[in-house]
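The values are calculated or read from the model by the stated rules, or taken from the named source; none is laboratory data. Computed from a predicted structure; not experimentally measured. Cβ: placed from backbone, ideal geometry, glycine included. Neighbour counts: every protein chain shown. SASA here: full protein model, heavy atoms, side chains in, ligands and nucleic acids out. Shrake-Rupley method; radii C 1.70, N 1.55, O 1.52, S 1.80 Å.
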Amino acid sequence: MNQTPEPSVFTRIIRGDIPAHKVYEDDKTLVFLDIHPAVPGHMLVVPKVQVDRLEDLAGEDYTALMLTVKKAMSRAVEVFGGNYRSCIKLEGFDVPHAHVHVIPCRNAADFWTKQRM
């Protein structure tokens, strides 16, 4: 028997069941601010299809996700300025829904620090 997984917190955000500060959205992806940012401007980029692992995304959904990651990275540098770089982090342990962290960084410490607010 094939069971449908429970909707992840990200799927619930995509559906509008949980509020989020949305930064960008298209038909395949959503970008929103992380509620526990490493630094201000820390964003999550998620595909609208729920899969647990990034490598399980269909090619078209993976491509859409990574193109949106690029948009989020460019926007972060535009907002925060040329002294920043956009770092990305792929780890996938906290939420069973493929996602990419986009973190505006001035130095390596910004990337690794995790502030709990």
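Return one whole number: the accessible area per residue of the chain in Å², for a 1.4 Å probe.
Per residue, the chain has 63 Å² of solvent-accessible surface.
Taking only DSSP H segments of four or more residues, each worth -39500 (n - 2.57), what value at 222 nm results for the chain once the sum is divided by all its residues, to the nearest 500 deg cm²/dmol?
Taking each H run of at least 4 residues, the total per residue is -9000 deg cm²/dmol.
Would you pull out the residues with amide H under 5 Å of V51's amide H, same chain only if 5 or more places away, H placed 1.01 Å from N?
The list, which skips near neighbours in sequence, is A98.
Please give the solvent-accessible surface of T11 in Å², to the nearest 10, using a probe radius of 1.4 Å with every protein chain present.
Solvent-accessible area, nearest 10 Å²: 10 Å².
Roughly how large, in nm² to one decimal, is the mean projection of the convex hull of the alpha-carbon atoms in the range 34-117?
5.4 nm²
Just to verify a number: FRET efficiency for E60 and I35, C-beta to C-beta distance, R0 = 25 Å, to 0.05?
0.30
Which value, in Å² and to the nearest 10, is the accessible area of F80 when all protein chains are kept and the probe is 1.4 Å?
Approximately 70 Å² of F80 is accessible to the 1.4 Å probe.
Placing +1 at every Lys and Arg Cβ and -1 at every Asp and Glu Cβ, with all other atoms neutral, what dipole size does the chain have around its Cα centre, in debye to the nearest 20?
Here the chain has a charge dipole of around 460 debye.
Cβ neighbours within 10 Å, averaged per peptide: list 42-52, 91-101 in order, most packed at the top.
Highest to lowest by the protection proxy: 42-52, 91-101.
Could you tell me what percent of the DSSP beta bridges with both partners in the chain are antiparallel, to the nearest 5?
Bridges in the chain that DSSP calls antiparallel: roughly 100 percent.
What is the percent carbon and sulfur in the accessible area of the chain, measuring with a 1.4 Å probe over the protein chains and ignoring ligands?
Carbon with sulfur: 53 percent of the solvent-accessible area.
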